[in-house]
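Have a look at the structure below before the remarks.
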Amino acid sequence: GSLLFDREFYLLPDSSLWLMIDFDEVHLPFLKFPADPNRGIDVFPSRAVFISGDAADAITLHSPSVLIIPPVPDMSMPFNVISLSCTLWAFVLGSLLNILVRRGTESIKREFTGEVEKRPIVRIKDILISKMGKIKSMLQTKRRKPKSKVE
């Protein structure tokens with residue numbers, strides 16, 4: 001929005017006045033950008049009136065107007081959003097389809113072969129038994145190796 005700042009100061013001769021205004025930068029929503037944001041936003045000139053005693057001796061000074069160039073979003077931003085969201089959907093749907101197809105083909109395979117699906121605890125037990133068998137065979141082969149005598 002716009003702002004009108006009107007203030008009167010009484011200054012002594014040979015004195016000076018510095019006026020500073022702090023502001024917070026606000027990012028404009030996309031819908032509030034001007035029609036041509038690349039042109040910028042006009043800040044209208046300010047006016048100072050100096051009166052030395054008589055109203056007839058008043059001096060009016062005008063500052064130049066200022067053109068502020070706002071940060072403008074480029075058109076690659078919608079492309080980036082679309083690309084990232086499509087990549088996410090492809091990953092999620094691809095993973096889901098992969099899981100469904102693997103489970104489906106395994107159940108069809110078991111149906112044709114007559115194999116019964118093992119429970120997870122039985123699978124863990126079978127893995128542990130096979131690992132223990134490998135460890136036992138490694139230990140037995142180490143015991144059977146004859147030690148060579150050094151002469």
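Among the residues of the range 48-70, those identified as at pLDDT 75 or above and under 44 Å from the mean Cα position of the chain (by Cα) are 63, 64, 65, 66, 67, 68, 69. Across the range 12-45, which residue is modelled with the highest pLDDT among those that are open to solvent by less than 80 Å² (accessible area, probe 1.4 Å) and hydrophobic (A, V, I, L, M, F, W, C)? Within the range 12-45, the match that is modelled with the highest pLDDT is 43. Do we find that residue 83 is touching a strand residue (DSSP E or B) at 6+ places or on another chain (Cβ under 7 Å) and over 30 Å from residue 12 (Cβ atoms) in this structure? Answer is no for this residue.
The values are calculated or read from the model by the stated rules, or taken from the named source; none is laboratory data. Fair warning: this is a prediction, and the values are worked out from it, not measured in the lab. Quick reminder, even Gly has a Cβ in these numbers, built from the backbone with ideal geometry, and neighbours come from all protein chains shown. Each accessible area value is taken on the protein alone, full model and side chains, heavy atoms only, with ligands, DNA and RNA left out. Shrake-Rupley method; radii C 1.70, N 1.55, O 1.52, S 1.80 Å.
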